[in-house]
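Quick notes on the structure that follows.
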Amino acid sequence: MAVGGYTLAILISKLGWSFWAALPAAGLAAGLVGILFGLPSLKIKGFYLIMATVAAYFIIIWFILQFRNITGGVNGISVPPASFGTVILKGKVTFFYLVMIMAIIFTYLAKNIMRSRTGRAFIAIRDNDLAAEVMGVNLWVYKLQAFFIGCVFAGIAGGLSVQYLSFCNVEQFPFINSVWYLGMLIIGGMGSTSGVIFGVVALKLLDQFAIVIGPLLANIINPQAAVGLSLILSGMAIILFLIFEPRGIAHLWERIKHDYRAWPF
């Protein structure tokens with residue numbers, strides 16, 4: 001739903017809103033879109049719910065391309081750089097610190113949400129929605145809350161991406177990115193806040209590893225195969241984690257901490 005943040009960023013650039021007003025608005029726009037496309041979750045789940053959310057991506061992209069007078073269509077539209085008062089945030093280093101601060105804030109929020117009554121309801125629905133409903137959990141309310149909260153986070157991330165590039169276009173949010181985000185969750189560990197961080201770091205380290213050894217392997221094997229080394233390593237990592245550690249790095253880390261505390265017993 002980062003596309004929702006992108007859509008709002010377009011409108012914000014048209015209205016001339018400031019960056020700090022744009023960011024919450026981008027999250028709200030994505031959250032509202034998430035509620036709309038989260039309605040099918042009340043009737044379907046599993047594979048069918050995944051297909052419904054995939055369809056949401058293509059529907060949103062279609063609308064963006066149709067309203068080209070506002071969104072710029074396939075050509076996109078320029079966005080004013082982020083600013084804090086009179087200070088304009090530009091450059092990779094400056095924006096890195098901004099993104100890190102935002103990441104820390106929202107990681108803290110996510111962990112506290114999981115400790116709240118709402119978070120416990122999310123866990124109950126995830127584990128067994130029928131048992132949760134019998135215990136009095138309102139599935140309709142909490143499922144829509146889950147969609148809204150998740151899409152708010154994604155919308156703000158999309159807004160940050162647009163502000164960093166000072167340009168927004170549908171090609172900045174290809175569908176394949178959603179597949180890799182899911183792969184990050186598989187490697188890091190689904191149902192865990194720390195698992196998200198582990199998954200992102202793991203896949204990005206694999207990318208950097210492929211960049212380093214790719215040129216070396218190009219002299220030994222087919223150069224075209226070396227070009228796709230990053231995709232090969234990432235795909236193999238996802239498969240191996242699905243087979244040998246389906247609960248991800250987060251669960252492995254918890255086991256290591258438990259064994260360390262229990263040593264030598």
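The values are calculated or read from the model by the stated rules, or taken from the named source; none is laboratory data. Small disclaimer: the values here were computed from a predicted structure and weren't measured. Don't worry about glycine lacking a Cβ; one is built from the backbone with ideal geometry, like all the others, and counts go over all protein chains shown.
Check whether at least one residue in the stretch 213-230 is touching a helix residue (DSSP H, G or I) at 6+ places or on another chain (Cβ under 8 Å), part of a helix (DSSP H, G or I) and closer than 30 Å to PRO40 by Cβ, and report yes or no. Taking every residue of the stretch 213-230 in turn, none turns out to be touching a helix residue (DSSP H, G or I) at 6+ places or on another chain (Cβ under 8 Å), part of a helix (DSSP H, G or I) and closer than 30 Å to PRO40 by Cβ. Where helices (runs of 4 or more DSSP H) sit wholly within the stretch 97-186, those with at least 3 residues that are aliphatic (A, V, I, L, M) and in contact (Cβ under 8 Å) with a residue 60 or more places away in the chain occupy 139-165.
Any residue in the stretch 133-145 that is modelled with pLDDT of 90 or more and surrounded by fewer than 15 Cβ atoms within 10 Å (Cβ to Cβ)? Scanning the stretch 133-145 turns up no residue that is modelled with pLDDT of 90 or more and surrounded by fewer than 15 Cβ atoms within 10 Å (Cβ to Cβ).
If you go through the stretch 64-85 and keep only what is in a helix (DSSP H, G or I) and either touching a strand residue (DSSP E or B) at 6+ places or on another chain (Cβ under 7 Å) or modelled with pLDDT of 85 or more (or both), you end up with just THR71.
One line per residue, one yes/no per condition, for (1) closer than 30 Å to ASN75 by Cα; (2) modelled with pLDDT under 80:
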{"position": "ASN177", "(1), (2)": "yes, no"}
{"position": "TYR181", "(1), (2)": "yes, no"}
{"position": "ILE186", "(1), (2)": "no, no"}
{"position": "GLY195", "(1), (2)": "no, no"}
{"position": "LEU203", "(1), (2)": "no, no"}
{"position": "GLY214", "(1), (2)": "no, yes"}
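If you check ILE149 against the conditions, is it surrounded by 15 or more Cβ atoms within 10 Å (Cβ to Cβ), on the phi < 0 side of the Ramachandran plot and at pLDDT 90 or above? For ILE149, the condition - surrounded by 15 or more Cβ atoms within 10 Å (Cβ to Cβ), on the phi < 0 side of the Ramachandran plot and at pLDDT 90 or above - is met. State all residues of the stretch 151-189 that are of a type in the set (Ser, Thr, Tyr) and under 20 Å from LEU203 (Cα atoms); if no residue qualifies, say none. Scanning the stretch 151-189 gives SER161, SER178, TYR181.
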